[in-house]
Amino acid sequence: MEQKSIFIIESYDQLKVISDPLRTKMLMHLVEKPYTGQQLSQLFELSRAKILYHLRELEKHGIIQLVRKEEKGGNILKYYQAVARGFIPADHLLTYTESQEATRQSYIEVLQRARTRVLTASEEAFALKTSHPEEWPRISLQSEIKVSEEAFVSFLQKYRALLTELQQTASSDSSAKQDYYLMITGFQIDEPLFQQKAKE
């Protein structure tokens, strides 16, 4: 199965299905690779019956699909995977509370997955070879910026274009030997937490 990059959620039932916090957690894993119900049951420390119920709901609404079956010890193992890497509500669903909650929950899960990736990365990933951060093959930063929505959207468009360029470079670079994990999260806030410099 080839995953789409984005799946547009067209129905309220689909939106409701992915706004459930447990399903969002499951979906975050199923975006990355295929899992069986048993694997997810062990991962989340929940009963297999509960996991299978949620898998069936996600499959019924076209969010995940069965990608392969394997026979092992007389049992048939069913592997499921998300149909896309990202899920976005269609315009006519944006006013529903479930749309906002599903988005918020997905941001939380992305941050949780990033934390897991940091904790499980090799020591080499954080080895310092220079005292110049601009030369490091890693980045971790927080920032708060006061700009117009248009300026922020413009920046994000440039960022996405730059990421697309990097992905195209990766697919054509036969000398590529290292995998990198990259995530970004940005959203509007009510008030800044970082100390602002006094205006002179």
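Read the figures in this text as sums done on the coordinates, not as results from a lab. All figures in this text were calculated on a predicted structure; none of them were measured in a lab. Counting neighbours? That spans all protein chains shown, and the Cβs are built from the backbone with ideal geometry, glycine included.
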### Tally, over region 157-178, of residues that are farther than 17 Å from SER5 by Cα and of a type in the set (Lys, Arg)
2
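Would you pick out the residues in region 84-95 that are out of contact with any Ser or Thr (no Cβ under 7 Å at 6 or more places or on another chain) and more than 13 Å from ILE18 (Cα to Cα)?
Once the filter is applied, which keeps residues that are out of contact with any Ser or Thr (no Cβ under 7 Å at 6 or more places or on another chain) and more than 13 Å from ILE18 (Cα to Cα), region 84-95 yields ALA90, ASP91, HIS92, LEU94, THR95.
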### Query
Applying the selection to region 31-64, what residues are in contact with a strand residue (DSSP E or B) (Cβ under 8 Å, 6 or more places away or on another chain) and of a type in the set (D, E, K, R)?
LYS33, GLU59
#### Entry: Boolean, LEU141 is among the aliphatic types (A, V, I, L, M), farther than 24 Å from GLU2 by Cα and exposed (fewer than 11 other Cβ atoms within 10 Å of the Cβ)
yes
### Task
Check ASP179 against each of (1) of a type in the set (D, E, K, R); (2) surrounded by fewer than 10 Cβ atoms within 10 Å (Cβ to Cβ); (3) farther than 25 Å from LEU128 by Cβ and name the one condition it does not meet.
(3)
### Qualifying positions in region 68-82 - among the hydrophobic types (A, V, I, L, M, F, W, C) and surrounded by 12 or more Cβ atoms within 10 Å (Cβ to Cβ)
LEU77, ALA82
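If you check ARG113, ARG160, ARG117, which single one turns out to be basic (Lys, Arg), closer than 22 Å to ILE18 by Cα and in a helix (DSSP H, G or I)?
Among ARG113, ARG160, ARG117, only ARG113 is basic (Lys, Arg), closer than 22 Å to ILE18 by Cα and in a helix (DSSP H, G or I).
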